[in-house]
1. Rounded to a whole number of µm²/s, how large is the Stokes-Einstein D of region 38-150 at 20 °C and 1.002 mPa s, given Rh as the Kirkwood radius over C-alpha pairs?
2. Run the numbers on region 413-535 and let me know its relative contact order in percent, using alpha-carbon pairs under 8 Å that are six or more apart.
3. Once the dipole of region 383-535 is set up with Lys and Arg at +1 and Asp and Glu at -1 on Cβ about the Cα centre, which of Val532, His522, Ile395 lies farthest towards its positive end?
4. May I ask what percent, to the nearest 5, of DSSP beta bridges between residues of region 34-193 are antiparallel?
5. Note down the nm distance, to one decimal, between modelled labels 7 Å out along Cα→Cβ at Thr306 and at Lys438.
6. Taking the alpha-carbon distance from Lys112 and a cut-off under 15 Å, which aspartates and glutamates remain once sequence neighbours fewer than 8 residues away in the same chain are dropped?
7. Return the percentage of antiparallel bridges among DSSP beta bridges fully within region 263-418, rounded to the nearest 5 %.
8. Considering only Cα-Cα distances, which of the following residue pairs are longer than 32 Å: Lys438/Lys460; Lys85/Lys235; Lys37/Lys316; Lys74/Lys521?
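Derivation of every value follows stated rules applied to the coordinates shown; laboratory data play no part. Computed from a predicted structure; not experimentally measured. So basically every Cβ, Gly included, is an ideal-geometry build from the backbone, and we count neighbours across all protein chains shown.
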Amino acid sequence: MPTECIPYSETGYFSPLMCDYLTETEALKPFYHRFPKLENFEAQLKEKQESRLTDVSQRAILSNALQVQYSNTKASEATLENIQKLSSIHTFTITTGHQLNLFTGPLYFLYKIISTINLAATLKEQFPNNEFVPIYWMASEDHDFDEISFFNYKGKKIRWNREASGAVGELSTEGLKEVFEAFAKELGTSNNATYLQSLFEEGYVKHNNLTDATRYIANELFKEYGLVIVDGNDKSLKQLFIPFVENELFQQTAHKKVLETAQKLTEISSAYKIQVNPREINLFYIHDGIRERIIEKEGVFTVNNTSVRWNSEQIKQEVHAHPERFSPNALLRPLYQEIILPNLCYIGGGGELAYWLELKDYFEAVEVTFPMLLLRNSAVVKTQKQSEKMEKLNISNRDLFLKRDAFVNKKTRELSDIKIDFSPQKQHLQQQFKDLYKLAEQTDKSFLGAVAAQEKKQLKGIEHLEKRLLTAQKRGLKDKISRSTELQELLFPGNSLQERKQNFSELYLEYGETLIPTLVKHLQPLSGEFLVLEL
């Protein structure tokens, strides 16, 4: 069964907000700057080039910071060249971000980065006089350890059990040797398994903290494509953020603007769910293993769950002396990123783009260019054997996206010798009741209610009978249907998208070093469609 592209809106796995964004619904246009079409990038490029935040001196700070960050990483020539290129006013970035999940976490980590790599390559073809650098922004300042402490492997959770607080990137990798040993036993002894064991061990056992370990692994997987990995938890980069930290502390512009935008979004449609709600101050304080919210009350600033407190002048001094201690939350991180990078486009998942859509008015208020927003590539990868089995079982690619009950019902109807579809009977009954309505209308209108009640009762009876027959057929066809559901479960584990549940290691075991080049070949970031890919 060949590769197939399916519109996101037809998969049933994307929110109404994302589906409307992808079709450029008129009501959503005030919430983004430019839609990510190839023809729109020239205007974005020119606007960013003229920004005061991308001058030569600021670019030099970025390039120098990255050289320091890479000082203990064996980067490729392509990556080192890209770091140097960032000093030039003719260079721009395409960026994605992700948490420091153990062994990259869900499969879509790869899809995010590949989307970024491929868009940068596409733009280089379109604008040969400019350079475009793919960026992976590590969320090293996050503190939600539970979210990143595990990955799934063949239905099992490989988990790092430990107590944790503060910014996750600063966490020691102590305890990961035991995780490595347990994972290595699961992998087996094939050549591909040996590579995965080496990657995990070199990353987590031979590096001291989670930031360095994650940089090593991402670099090993993508270095030949010139990927540049950025750690925002950096004093020299945070110095560029100082004016915006002060704005957040004293003007609280984000709180005002994002609240207004969120309200406007919900007024368009009740189906639009607000992804992030702003706080009065959207900053954390990082110091000595803590990352806690900064709270202001009557001119006194405190750090939640600590005894730390400042007046206005004292906290301003602290910001200038130690900018690295002020950490943006999920709402403010996009601003920090766009201040540091000469970025044209952010690539993220549906949830991420939903909160970016809350930020445009805030960016305008603080005079920062709002990037283009692109939904990352999504895919389900199946083997040739799985495709052959799908053909034998008469399962289409689109069938896979059905929720389990709908999938079982569809397969039951297809496999049954008896046609279990009472639609003609329902239509016949409804036609009969139309005649009864006319008769009641002509004789005594008080009978209309009784006719309606009888119609409802009889339709319900037919539906009940249809369900009972369908249940009986499911029992009779149990073996055949179970083969279909087992295959769907392999490709959509837990009735969820493969990319959200599986780790890349399962695919790497199957395809080895051809996996990433093959994905790079097939994932087209501007396609706007979900890819079902046979490898």
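1. Translational D for this selection: 137 µm²/s.
2. Averaging sequence separation for qualifying contacts and normalising by length gives 19 percent for region 413-535.
3. It is Ile395.
4. That works out to approximately 35 percent antiparallel.
5. Reported label-point gap for Thr306 and Lys438 is 8.1 nm.
6. Counting by Cα, and skipping residues close in sequence, Lys112 has these aspartates and glutamates nearby: Glu352, Glu499, Glu529.
7. On the way: 13 of 17 bridges.
So the antiparallel bridges amount to about 75 percent of the total.
8. Distance filter (> 32 Å) returns Lys37/Lys316.
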